[in-house]
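The values are calculated or read from the model by the stated rules, or taken from the named source; none is laboratory data. Owing to the predicted nature of the structure, the values given are computational and were not obtained by experimental measurement. We place every Cβ from the backbone using ideal geometry, glycine too, and count neighbours over all the protein chains shown.
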Amino acid sequence: MSASPENTSTTELTTDTAALASELFAPGVGAQAGPPTTPAEGTGVAPGAHSHGGPAPTGSPAERFTSTDPDAFGVPTGREETWRFTPMKRMRTLLDGAPSDAHLTWTTDLPEGVELTSVEAGDPLLKALPEPADRLAALARQRSGGAAVVRVKSEAQLDRPVTLGLAGTGSDDIVWGQLVIEVGAFARATIVLDHTGLARYAGGVAIIVGDSAQVTLVSVQDWAPGTVHGGQYDAVVGRDATFKQVVVTLGGDLVRLVSNVQYAGPGGTAELFGVYFADETQHQEHRLWVDHAVPNCRSNVLYKGALQGEEARTVWIGDVRIRPAATGTETYELNRNLVLTDGARADSVPNLEIETGEIVGAGHASATGRFDDEQLFYLCSRGIDAETARRLVVRGFFADVVQLIGIDGLQDRLMAAIEARLGALPGLEEQSVEQPA
């Protein structure tokens, strides 16, 4: 956004009940936990934390560092936990941080009750936003020279979605951008960010959800081949507010999105949904961080991905932290990946850290594999040929998330794009359908 509006494996890891969580800690351990940037000495994890992130240091939420200064992060080498999955040669064009005045081309559809304006760098609004979580996000904040701002009035009931079409022009210049979305208390709004065209783009999106507001943010990455896109999405969810984010990533050469959620008051709900489909040589990386720091909040995460073709690569990292004060928390995250051809690779890393036993429930799961043989056999036993059965399974795999967007025209367009990609899928007819035991 510019400153002016213009080897198949399966893993199941779950922690399902408050009773189980309470067994993880000695009395009072949660209250002794340090701040998020202060891990316990020699462990890489804060005292009392529960993590499935692997051996320390894990790059888990307990170690998270934020800053508005790009130099505070240093220049990534690819060995850092935050960057170890990212193809650094392709990302380097953004990480070098060259200044640029280039912009995306904007088209807008703004219902009554919505204002689109801009603020300059140094505006108090920008200083109050959540800080960048990596060097690229800090560069975008610094280089954007301000922000575009979308404001939805308190108690507004929009008659249609707010739509921002953001198109790359094909220029080799980097586009730096920042967008702030403010939704007033008790308002109901859907905001669509539709990314198309060819670009080298680093942008930040911050969405402030007012108390008791209900907001849906849809971000579509339907870029042209050759696009490099890195972005940070920050949501601040107000008291008793509901925030739903749906991310759809289909296009581009390299797309790396970091989505963060924090709660400004008790009773908030955040739902993070996503679908991604990586083709040959595409790299699609989605990182999520949900910070439960206040009582009685909910979060639910569901991301689904598919891969086909040589060197197709997807990465999903899901971090959830439940701090000592976040009693009554209920959270769950799930990532599923469907590997359609040889030569593709999906990495999935869920992390859950619990610092209080007084929760409703917490869990996570991750699964990566081929087609479900039982589903295929069922369809084939009813006269559907094997190739059609496989395509039906993939469509169904994505459809339950895409339909959460709630906008018929956009849903149809995205499913058609997935359908077109499946039409180019080679070798399905050569894969036999095995009868379940």
* Structure fact -> Filtering segment 216-268 down to residues that are in contact with a Cys (Cβ under 8 Å, 6 or more places away or on another chain) and assigned to a loop (DSSP other than H, G, I, E, B) yields PRO266, GLY267, GLY268
* Asked: Taking the condition surrounded by fewer than 20 Cβ atoms within 10 Å (Cβ to Cβ) and in the same structural domain as ALA206 (by TED's automatic domain parsing), does ALA121 pass?
  -> yes
* **Some residue of segment 170-181 being modelled with pLDDT of 95 or more, over 29 Å from MET415 (Cβ atoms) and of a type in the set (D, E, K, R)** => yes
* Structure fact -> Of (1) at pLDDT below 80; (2) farther than 30 Å from VAL192 by Cβ, ARG391 satisfies every one except (2)
* If you scan segment 345-388, which residues turn out to be touching a strand residue (DSSP E or B) at 6+ places or on another chain (Cβ under 8 Å) and either part of a helix (DSSP H, G or I) or β-branched (Val, Ile, Thr) (or both)? -> VAL349, ILE354, THR356, ILE359, VAL360, THR368
* Among the residues of segment 299-310, is any at pLDDT 95 or above and assigned to a loop (DSSP other than H, G, I, E, B)? -> no
* Output the number of the condition that TYR332 fails; it satisfies all remaining conditions of (1) crowded, with 20+ Cβ neighbours inside 10 Å; (2) at pLDDT 95 or above; (3) not in a loop (DSSP other than H, G, I, E, B). => (1)
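Yes or no, residue by residue, for (1) under 15 Å from the mean Cα position of the chain (by Cα); (2) surrounded by 24 or more Cβ atoms within 10 Å (Cβ to Cβ); (3) more than 26 Å from ARG135 (Cβ to Cβ); (4) not assigned by TED's automatic domain parsing to the domain that holds VAL215:
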residue: GLN308; (1), (2), (3), (4): no, yes, yes, no
residue: GLU311; (1), (2), (3), (4): no, no, no, no
residue: ARG321; (1), (2), (3), (4): no, yes, no, no
residue: GLY328; (1), (2), (3), (4): no, no, yes, no
residue: ALA344; (1), (2), (3), (4): no, no, yes, no
residue: SER348; (1), (2), (3), (4): yes, no, no, no
